[in-house]
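A quick write-up on the structure given underneath.
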Amino acid sequence: MLKDLKLGFKLLRYGYKIKMNIVIVAIFLAIAIIVEYTSQGENVIGGFYLMLIGMFVYQMVISTDISAFVASSPMQRKLQVNIPVITSTAAYLLLYTVLLIERVFMIKAFPEREYELINSLIMILIMLFVANIYCAICFKYYAIGFILLFVFSFFVGFTFGVNGIDMFMVNLPLSIVGIIGYGVIFAGAGVQYAIGSLLYRKPLSEFAFRGIFKDM
C-alpha cells in the first residue's frame, strides 16, 4: 500500500492540466480559509471546500488513465481503482486532521459555540461521504453521478428549509466526533473502492474528461 501511495503522489505531476488544477485548489483553499474565519467555523462550506481538495487529488490521479499506454497496462486496475482511492484517502485524512485541530482551537476560543462547531463538522463529514460516492461514479457515468449529487443537495436544502438544521444536531463531544470522522473517511474510501472495482472496465466518461478527449 505504501508503494501505491508513493506512486499516486508521483502521478499527480502527470495529471491533466496540473497547473490549472493547482490554481483551482489554491482558490478552494482561499475560500475555505476566508469562510472558516468569517463564520468562525459554523458555515459548513469552509470546511467542506478544504476537504474537497482531496477530490482534486483523486481526479488528477485518475486523469492519467486516459492514455492508451495505461489502458493496455497490466496495472490498469490499480491505476483506475487502488491508487486514486489510496492517494485521495491519504489527502482526506491529512485535511481532516487539520480541520479537527482547527475545531479544537475554535472551541477553546468560543466555548459557547461548541455545539454548532461540532455539528457543522458532522455535516461536513456527511457531505464528504456523498462526494466520495459522486467521484467514484461521475468519472465513468457523469450524468448519473451529477443526478445523485443534485438529489442529495436538494434533499439537504429542502430538509433544512422545512425542519431546520436542528434535526441533524447531536450532543456528542468533539473527541467522539473526531474518531467517527476518521471512520467516515475510511468508509467512504471503502465504498469508493467497491464502486470503482465494479466499474473499472467501463471507459472513462468523455463528458467528465471532455477537455482531454478533445486534445487527443
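Key figures for this structure:
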{"item": "Residue check, ILE147 open to solvent by 90 Å² or more (accessible area, probe 1.4 Å), modelled with pLDDT of 70 or more and over 24 Å from LYS17 (Cβ atoms)", "result": "yes"}
{"item": "Answer residue from the range 160-176, given it is among the aliphatic types (A, V, I, L, M) and modelled with pLDDT of 60 or more and is surrounded by the most Cβ atoms within 10 Å (Cβ to Cβ) among those", "result": "LEU174"}
{"item": "LYS202 basic (Lys, Arg), modelled with pLDDT under 55 and open to solvent by 90 Å² or more (accessible area, probe 1.4 Å)", "result": "no"}
{"item": "Residue list for the range 19-54, filter: in a helix (DSSP H, G or I), within 18 Å of the chain's Cα centre (by Cα), surrounded by fewer than 19 Cβ atoms within 10 Å (Cβ to Cβ) and in contact (Cβ under 8 Å) with a residue 12 or more places away in the chain", "result": "ASN21, ILE24, VAL25, PHE28, LEU29, ILE31, ILE33, ILE45"}
{"item": "Cross-chain or 6+ apart pairs with Cβ under 9 Å, the range 177-192 first and open to solvent by 40 Å² or more (accessible area, probe 1.4 Å), then among the small types (Gly, Ala, Ser)", "result": "VAL191/ALA136"}
{"item": "Matching residues, the range 80-106, being open to solvent by 20 Å² or more (accessible area, probe 1.4 Å) and over 15 Å from the mean Cα position of the chain (by Cα)", "result": "ASN82, LEU100, ILE101, GLU102, VAL104, PHE105, MET106"}
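The values are calculated or read from the model by the stated rules, or taken from the named source; none is laboratory data. What you see is a predicted model, and the numbers here were worked out from it, not measured in a lab. Counting neighbours? That spans all protein chains shown, and the Cβs are built from the backbone with ideal geometry, glycine included. Only protein heavy atoms, including side chains, enter the accessible area calculation; ligands, DNA and RNA are left aside. Shrake-Rupley method; radii C 1.70, N 1.55, O 1.52, S 1.80 Å.
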